[in-house]
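Notes to accompany the following structure.
The values are calculated or read from the model by the stated rules, or taken from the named source; none is laboratory data. Treat the numbers as computed from the prediction; the structure is a model and nothing was measured. Positions of Cβ are backbone-derived with ideal geometry, glycine not excepted, and every protein chain shown enters the neighbour counts. Note: accessible area is taken over every heavy atom of the protein model, side chains too, but ligands, DNA and RNA are not part of it. Shrake-Rupley method; radii C 1.70, N 1.55, O 1.52, S 1.80 Å.
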Amino acid sequence: MDINTKIKLNNGVEIPQLALGTAEIEDGGTVNAVKWAIEAGYRHFDTATYYNTEQGVGDGIAQSGLQRDEVFITTKIWNDDMRQHRVEASFEESLQRLGTDYVDLYLIHWPVAGEFIPTYQIMEKLYEQGRIRAIGVCNFNQHHMEELLQVAKYVPAVNQYETHPKMTQEGLRQYCRDLGIRNEAYSPLGSPRAQLLKTPALVELAEKRGRTPAQIVIRWHLQCGTIVLPKSGNKERIIQNSQVFDFALSAEEMALINGLNENQRIGPDPENFNF
Ligand code: A2P
């Protein structure tokens with residue numbers, strides 16, 4: 001396993017397992033973050049219309065000098081665009097900001113009731129036209145997925161949802177895995193709110209292995225087979241988060257981390273979000 005390790009999605013498209021997350025990188029910081037990440041070897045960037053970082057991702061990639069097909073770009077359709085039935089328009093705007101004519105992975109950001117099925121059907125058309133290489137969803141619980149699968153022509157390639165050692169979501173993970181839907185972890189470090197990286201067991205393990213708690217957690221995600229999207233706007237931490245391919249956690253260490261689960265959700269709940 002190395003920074004170029006890719007996972008094969010259910011349509012054969014290969015996705016780099018480690019991505020730079022770009023939610024909440026402050027205005028203007030994204031371009032540099034993307035450039036630093038590319039220098040460190042990252043080739044997958046996760047953005048969204050809602051994050052306001054599509055332009056920065058596009059500019060950072062352009063300034064790096066890499067060819068379009070050397071990077072993997074994920075973006076997402078926002079809830080209001082779904083409600084206003086402007087899926088195609090929003091998709092075109094995302095392409096413009098990203099400075100590209102296709103997206104590698106296009107996701108529904110939240111399962112907006114009554115809207116996610118017609119939205120997905122338009123995404124299927126864009127996929128058939130070759131404008132999107134793979135389609136998927138975020139924040140779908142099992143019942144959302146069951147509803148979608150009743151009409152979907154293509155099984156989603158991924159489901160992106162909050163996952164970290166305090167919120168392992170093992171049931172959802174297994175359900176998706178059985179359907180060939182790959183799991184992507186957002187807030188993989190528990191984001192600062194959960195204080196995950198200060199958990200004594202993780203701090204102790206990190207000291208023992210001569211790593212940081214963040215590196216231990218990223219490595220845990222990788223060994224779980226999860227596509228992991230740690231976000232950072234800080235050069236040292238972007239580099240640090242990529243230095244996770246020269247050690248492995250033992251089965252006991254993986255079990256210890258799995259045992260930290262408390263079903264502690266830090267982000268909004270897909271069952272009752274109000275935006
Ligand atoms: P920063 O951008 O200043 O590096 P998550 O991806 O779980 O939401 O976590 C992202 C948060 O964790 C950001 O606030 C980010 O801050 C911080 N972060 C990212 N990488 C590390 C790291 N290696 N160690 C500590 N904090 C980190």
Open item on the list: Looking at the stretch 236-251, can you tell me whether even one residue there is of a type in the set (Val, Ile, Thr), assigned to a loop (DSSP other than H, G, I, E, B) and away from the ligand (no atom under 13 Å from the Cβ)?
Closed with: no
TODO: Scan (1) farther than 30 Å from GLY180 by Cβ; (2) part of a loop (DSSP other than H, G, I, E, B) for the single condition ASN4 breaks and write down its number.
DONE: (1)
TODO: Give the stretch 187-198 a look and list any residue that's of a type outside the set (Gly, Ala, Ser) and open to solvent by less than 20 Å² (accessible area, probe 1.4 Å), or say none.
DONE: PRO188, LEU196
- [ ] Restricting attention to the stretch 7-39, report how many residues are hydrophobic (A, V, I, L, M, F, W, C) and part of a loop (DSSP other than H, G, I, E, B).
- [x] 5
Task: Subset of the stretch 18-41 [under 20 Å from VAL217 (Cβ atoms) and crowded, with 24+ Cβ neighbours inside 10 Å] - done: LEU18, ALA19, LEU20, GLY21, THR22, ILE25, ALA33, ALA37
- [ ] Only residues in the stretch 99-124 that are closer than 14 Å to HIS143 by Cα count as the first member; pair them with residues that are in a strand (DSSP E or B) and open to solvent by less than 10 Å² (accessible area, probe 1.4 Å), Cβ under 8 angstrom, at least 6 apart or cross-chain, and list the lot.
- [x] TRP110/CYS138; PRO111/VAL137; PHE116/ILE108; PHE116/VAL137
Task: Looking only at the stretch 246-267, and only at residues there that are open to solvent by less than 50 Å² (accessible area, probe 1.4 Å) and under 20 Å from the mean Cα position of the chain (by Cα), the one that is farthest from ASN141 (Cα to Cα) - done: ILE266
Open item on the list: Let me spell it out: the conditions are (1) open to solvent by less than 30 Å² (accessible area, probe 1.4 Å); (2) within 16 Å of the ligand (Cβ to nearest atom); (3) under 25 Å from ALA134 (Cα atoms), and PRO270 meets all of them except one. Which number is the exception?
Closed with: (2)
Open item on the list: Which count do you get for residues in the stretch 224-243 that are closer than 20 Å to LYS166 by Cα, open to solvent by 30 Å² or more (accessible area, probe 1.4 Å) and out of contact with any Asp or Glu (no Cβ under 9 Å at 6 or more places or on another chain)?
Closed with: 1
Open item on the list: So for the stretch 206-224 (the condition being of a type in the set (Ser, Thr, Tyr), at pLDDT 95 or above and within 16 Å of the ligand (Cβ to nearest atom)), does at least one residue qualify?
Closed with: yes
